[in-house]
Amino acid sequence: MATRTTPEPNLGVLQVAAPDLAVDAEADLRIPGRPGRLARYEGAIIGTMAVVVFLGVWQAVATARLVPELFLPGPTDIFKAFVILFSDINFIRRDLWVSGQEVVYGYGLAVILALPLGMLMGWYRRLSYGLDPFISFLYSSPRVALLPLMIIWLGIGMASKIAIIFLGAFFPIVINTAVGVRNLDPSLLKAARSFGASDAQIFRTIALPGSVILAGLRLGVGHAMVGVFVGELVAAQAGVGLMMATAGATFQTSKVFAGLIIIAGTGILLTHLIQRLERRFQAWMPSR
């Protein structure tokens, strides 16, 4: 009686196909809670589309002259103002150089002094009790009101503008840093203390990575940009704020918008850099 033989499977083909199937299954598998490829860029896509739509509507309104150009120039008018500004590169370079120096010195000095002071105020209660009245009084005082005093004390040069920018950025950084240190996770502090960590080590490894502390740096950027414009309104010899004030006095609205975009763009760039720093520090923090 003849026996029926079953053909053996081609294991080589199965071994080659199996990894391909596993790769395809892994590619199609989406882990719950993890955003897909498109979702990762969803914020940038929606934000870009919103800006494009806004600029399109703005340009349509300006082209139809529903609002006079004196009050609302279009994006193309502002672009032409940019071209005119940068056509005389020596003139605009001087304004950018002066305003840039004021921001670097004023904001940098505010960070250097406010960050450690805020950490000390948040850590030592008695120091906070002693400095709180002065911090609250100066933070509540408008920087515009302090400008005449700055000019009397420091003159009409760059020093008075740096002082205004410094005062604008100093207090938000101090207050947010102190609040961030006071709200540190007690379990992390106990763990650090149990391993014999000193105050300096706790500041460097636990307090400094706190996102609330770095949020104060972002708030300080906005106040510093306001200080640039306010400080150059009175008795300035050069700067973007002076250029905007002069353009406003001569009814050059497009030039005013161009200066506004320069200041706001600088603020956005600095905020983006601080956010990158914040994300790097947040990677050290435990997930909640």
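The values are calculated or read from the model by the stated rules, or taken from the named source; none is laboratory data. These figures come from a predicted structure and were not determined experimentally. Methodologically, a virtual Cβ is constructed for each residue, glycine included, from the backbone with ideal geometry; neighbour enumeration extends over all protein chains shown. Ligands, DNA and RNA are excluded from the accessible area calculation, which covers all protein heavy atoms including side chains. Shrake-Rupley method; radii C 1.70, N 1.55, O 1.52, S 1.80 Å.
Below, the figures for the structure above:
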| read-out | value |
| --- | --- |
| Every residue from segment 154-170 that is assigned to a helix (DSSP H, G or I) and either aromatic (Phe, Trp, Tyr) or free of Cβ contacts under 8 Å to residues at least 40 places away in the same chain (or both) | Leu154, Ala159, Phe166, Phe170 |
| Filtered residues of segment 106-135 (kept if among the hydroxyl-bearing types (Ser, Thr, Tyr), free of Cβ contacts under 8 Å to residues at least 60 places away in the same chain and open to solvent by less than 80 Å² (accessible area, probe 1.4 Å)) | Ser128 |
| Helices (runs of 4 or more DSSP H) contained in segment 171-268 and holding at least 2 residues open to solvent by less than 40 Å² (accessible area, probe 1.4 Å) and in contact (Cβ under 8 Å) with a residue 60 or more places away in the chain | 211-231, 240-249 |
| Single condition Phe71 does not satisfy, out of (1) assigned to a helix (DSSP H, G or I); (2) at pLDDT 85 or above | (1) |
| Residue among Leu167, Leu138 that alone is of a type outside the set (Val, Ile, Thr) and surrounded by fewer than 18 Cβ atoms within 10 Å (Cβ to Cβ) | Leu138 |
| Filtered residues of segment 46-68 (kept if among the β-branched types (Val, Ile, Thr), part of a helix (DSSP H, G or I) and closer than 17 Å to Ser254 by Cβ) | Val61, Thr63 |
